[in-house]
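The values are calculated or read from the model by the stated rules, or taken from the named source; none is laboratory data. This structure is a prediction, so every number in the text was calculated from the model and none was measured. Every residue, glycine as well, gets a Cβ built from its backbone with ideal geometry; the counts of neighbours run over all protein chains shown.
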Amino acid sequence: MAYIYKISNDINNKVYIGKTSHSTIEERFKEHIADSKKQHIEKRPLYEAMNKYGVEHFTIEQIEYCENDEIASIREQYWINFYKSFIGFEKCNGYNATLGGDSRRIYNYDEIVEIYLLKKSIKDTANFIGCDERTVSQACKEKGIKLFPKNSKAIRQFNLETNETINIFNSICEAAKLQKLNRNHISEVCNGKRNSYNGFGWEFIILRD
C-alpha cells in the first residue's frame, strides 16, 4: 500500500505533492522537516520554503490511498499536474522539483544560466541551485554561454569614492576592449603602480570554481 500526500504552506497556499509506501504521512512529514536542515539538500524548493517561512506554517494531509507503489507513482504525477505544483510549470503553485513518478529532477536552464552569470562560478552556482556541477556546465552549453576561466584573475572596476563595483571583467584585455581603454594603464592600477585610471579604481579579484 502507498499514500499520496499534500504539504501546504498556509502563508502563500503553495503545495508539495509526495508519495510514501514505507511510513505514515506523519512520519514522512517529520522526515521532510529533518531533511530541510541538512545542508546538502536544504536548497530544494520545499526545504528552502520551510526554512524561509518556518515549519510551523506547513501542514500535511493524505489525499489518496493506493494499492501499491507503482500506482502511487502514476497518481503522484496526476496530483502534481492537478495542483500545478511542479516548479517548471508556467503558472507554478508549489514546490515539486520533478513531475513525480520517480522521475529525475528537471532543472530550469534559464535560471541556472542567470545565476551563473552573477556568481561566475560553476561550483557556487551548483551549490546555490542544489544540483551538480555537470548540470551547470550543460545548462551553459545548451544556452551558448561561455564558461569563465577557473581561478582566473578577473578585474573589478569600482567607484573611487564609494568603492561601489561598476563592472567585473574576466581579464585586463576584456576590460580594455569593452571600455575602449588602454590595458597597460589598467594593469598599472591593478599592480599598484598608479592610483586610478579614467576616473575609476581597478583591482584584481579571483574567480574560483
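With the requirement that a residue be within 19 Å of Asn12 (Cβ to Cβ) and of a type in the set (Lys, Arg), what does the stretch 28-56 give you? Passing the criteria: Lys43, Arg44, Lys52. Could you tell me whether Ser36 is surrounded by fewer than 19 Cβ atoms within 10 Å (Cβ to Cβ) and modelled with pLDDT under 90? No, not satisfied. Reported count of residues in the stretch 163-209, each being in contact with a Leu (Cβ under 9 Å, 6 or more places away or on another chain) and within 21 Å of Ser121 (Cβ to Cβ), is 6.
Can you tell me which residue among Asn163, Asn159, Asn151 is modelled with pLDDT of 85 or more and exposed (fewer than 12 other Cβ atoms within 10 Å of the Cβ)? Break it down stepwise before answering.
Numbers: Asn159 fails: exposed (fewer than 12 other Cβ atoms within 10 Å of the Cβ); Asn151 fails: modelled with pLDDT of 85 or more.
The match here is Asn163.
Restricting attention to the stretch 131-138, does a residue exist that is more than 14 Å from the chain's Cα centre (by Cα) and either touching a residue at least 24 places away in the same chain (Cβ under 8 Å) or surrounded by 14 or more Cβ atoms within 10 Å (Cβ to Cβ) (or both)? So far as the stretch 131-138 goes, yes, one or more of its residues are more than 14 Å from the chain's Cα centre (by Cα) and either touching a residue at least 24 places away in the same chain (Cβ under 8 Å) or surrounded by 14 or more Cβ atoms within 10 Å (Cβ to Cβ) (or both).
Evaluating Lys123 against the criteria (1) without any contact (Cβ under 8 Å) to a residue 12 or more places away in the chain; (2) over 14 Å from Val15 (Cα atoms); (3) among the charged types (D, E, K, R) leaves one unmet condition, (1). Is it the case that some residue within the stretch 8-19 is at pLDDT 90 or above, among the polar types (S, T, N, Q), in contact with a Ser or Thr (Cβ under 6 Å, 6 or more places away or on another chain) and more than 29 Å from Ala126 (Cβ to Cβ)? Within the stretch 8-19, one or more residues are at pLDDT 90 or above, among the polar types (S, T, N, Q), in contact with a Ser or Thr (Cβ under 6 Å, 6 or more places away or on another chain) and more than 29 Å from Ala126 (Cβ to Cβ).
Taking into account only those residues within the stretch 43-74 that are in a loop (DSSP other than H, G, I, E, B) and at pLDDT below 90, which is farthest from the chain's Cα centre (by Cα)?
Let us first name the residues in the stretch 43-74 that are in a loop (DSSP other than H, G, I, E, B), namely 43-44, 54, 67-68.
Right, trim to at pLDDT below 90 and you get 43-44, 67-68.
Details: Lys43: 7, Arg44: 9, Glu67: 36, Asn68: 34 Å.
Among those residues, the one meeting the criterion is Glu67.
When residues in the stretch 117-164 are screened for being over 19 Å from Arg44 (Cβ atoms) and of a type in the set (Ser, Thr, Tyr), 4 of them pass. Just give me the residues in the stretch 80-111 being outside any loop (DSSP other than H, G, I, E, B), at pLDDT below 85 and surrounded by 17 or more Cβ atoms within 10 Å (Cβ to Cβ), in sequence order. If the condition is that a residue be outside any loop (DSSP other than H, G, I, E, B), at pLDDT below 85 and surrounded by 17 or more Cβ atoms within 10 Å (Cβ to Cβ), then Tyr109 is the only one that fits. Under the condition of being surrounded by 14 or more Cβ atoms within 10 Å (Cβ to Cβ) and either of a type in the set (Val, Ile, Thr) or not assigned by TED's automatic domain parsing to the domain that holds Arg28 (or both), the residues counted in the stretch 41-59 number 1.
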